[in-house]
Amino acid sequence: MTHFDLYLSFIRKASLTVLLVIFYYCFSIGITFYNKWVMKRFHYPIFMTLVHLAMTFVLSGISRTLVSWYTGKPHICLSWKPYLKRVAATALATALDIGLSNWSFMFITISLYTMTKSTAVLFILFFAIIFKLEKLRSWLLIVIVLIAGGLFMFTYKSTQFNTEGFILVLIASFLGGIRWTLTQILTQKADLGLQNPIDTMYHLQPLMFIGLFPLFVFNEGLSLSASEKLFRYHETSALLNMVFVLAGGGFLAFGLCFSEFLLVAKTSSLTLSIAGIFKEVCVLILASHLMGDQLTLLNWLGFVMCLSGISLHVALKVTYSEDSSKDTRMEKFHDVALTEVATELLLRNGQANESDEDEVVH
C-alpha cells in the first residue's frame, strides 16, 4: 500500500468519525434544548418521559424486526424469570434517572443542568468500585476533587440557581451512576445475549414504563386529566400539535440511543467519551447565547475544573486499559510459549523412547 493510499484511508476514517460525532451531537444537544423548550409549554415531564419510553420501545421493536428480516437471524427475547430478575433494577434506575432529569428542566437552566449532570462520573466511579468493576486507585481521588470542586465553583453564588431543580438533577446523577454500572453488568453477561444496545433498549423500556408510571399517577395524573393540553382539549389542532411535539421528543430519544451505539460500533467508546466532553462545552456556549443563561467567570472556571477531572478520568482509564491489555497479551504469549515448550519436550521424549525400543530390538 502506497503513502497516498494510506493518506486516503486516514481521510476516510477521519471523515466518518467527524460525521458520526456530528450525528451524535444533533440528537444529544438537540434533545437537551428540545426538552427544555417543551417544559416551558407542557408542565408534565413524567408523562413526557413515558411517551418517550413508549416510542423508543416501538421503534426498537421495529428495528429488531427489520434487522432479523435482513440478516435471517432470530432476535433475542428473554424469558420472564431472567427478565424480571436481572433487568428490573437496571430499568428502574434508568427510568428514574431520565424522569428526574426531564423534571428538573422545569426549575433550572440548561447550564446548571449540564454542569450538575456531569457529576454522574463520580457516582459511576463509586458504584463501579462497589461492584468491583473498577479498582480503587490514587488518581481517582484527584478526579473526585476536581469534579466536586468544579461543581461547587459553578453553583457558588449563582444568580440562576434553583435548589429544587439542583436536587432533582443530583439525584438523577446518583441514579445514573447505578444505571450505567448495572447496564455494563447487564450487557457483559454473555448468557443473556443483550450485547446489542437495540436489544437492551427493547427489553428495558417496558419495565421502565411500569416503574415510572406510579410516580406519574401520584405527581401528575390528576392535574393532567383536568388539563386542556390533552384530555380536556377545546381545539383539535391544539391537541394534534401537542401530540406531534411529544412524538418529536420520542424520535430524538431513540435517535440519541442509536447514534451513541453507531458511534461506539464504528469508532470506540473512547471517541464517545471525548465527544461527550466537547459536547458539554457546546451546550454551555449555546445555552449562554440562545437561552440567555448567565455565567460568571467563577462559573466558567468551575466548569473548566470539572471538565479537567472528566478528561483526566478518560485519559487514565485508557492508559490503564492499554496496560491491562498488554498484560493479558503477555500472559497469553507466556501460556502459548509454555505450551510449545511442553509439546516439544513430549515430542523429544517420544522420539527418545522410539530410539530405545529400536536398540532393544536390534
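The values are calculated or read from the model by the stated rules, or taken from the named source; none is laboratory data. The structure displayed is predicted, hence computed values, not measured ones. Note: ideal-geometry Cβ built from the backbone for every residue, glycine included; neighbour counts use all protein chains shown. When the accessible area is computed, the model is the full protein with side chains, heavy atoms only, and any ligands, DNA or RNA have been set aside. Shrake-Rupley method; radii C 1.70, N 1.55, O 1.52, S 1.80 Å.
Odds and ends about this structure:
- Shape category assigned to segment 1-159 from the gyration tensor of Cα positions, a/c cut at 1.5: rounded
- Mean separation of Cα contacts under 8 Å, 6 or more apart, over the residue count of segment 1-145: relative contact order %: 30 percent
- Extended-chain gain in nm, criterion 0.36 nm per residue less alpha-carbon gap, LEU301 and CYS282: 5.3 nm
- For segment 202-216, 3J(HN,Hα) computed residue by residue from phi via the Karplus equation (6.51, -1.76, 1.60; θ = phi - 60°) reads 4, 7, 6, 4, x, 5, 5, 4, 5, x, 8, 4, x, 5, 5 Hz, glycine and proline entered as x.
- Shape of segment 83-141, Cα gyration tensor, a/c cut at 1.5: oblate
- Exposure of SER63 as accessible area (Å², to 10), given a probe of 1.4 Å and all protein chains: 30 Å²
- Projected label points at LEU312 and ILE129, each 7 Å from Cα along the beta carbon direction, are separated by 1.4 nanometres.
- Net lengthening on full extension, ILE142/TYR34 (0.36 nm per residue, minus Cα-Cα): 35.4 nm
- Accessible surface of segment 22-89 [probe 1.4 Å, protein heavy atoms]: carbon and sulfur percent: 72 percent
- By a 1.4 Å probe calculation restricted to protein chains, THR65 has an accessible surface near 80 Å², given to the nearest 10.
- Each peptide in 237-243, 23-29, 78-84, 96-102 was scored by the mean count of other Cβ atoms within 10 Å over its residues; highest first, the order is 96-102, 23-29, 237-243, 78-84.
- Percent accessible area from carbon and sulfur atoms, segment 98-251, protein chains only, probe 1.4 Å: 69 percent
- Modelled this way, with points 7 Å down the Cα-to-C-beta line, the labels at CYS26 and LEU290 are 1.4 nm from one another.
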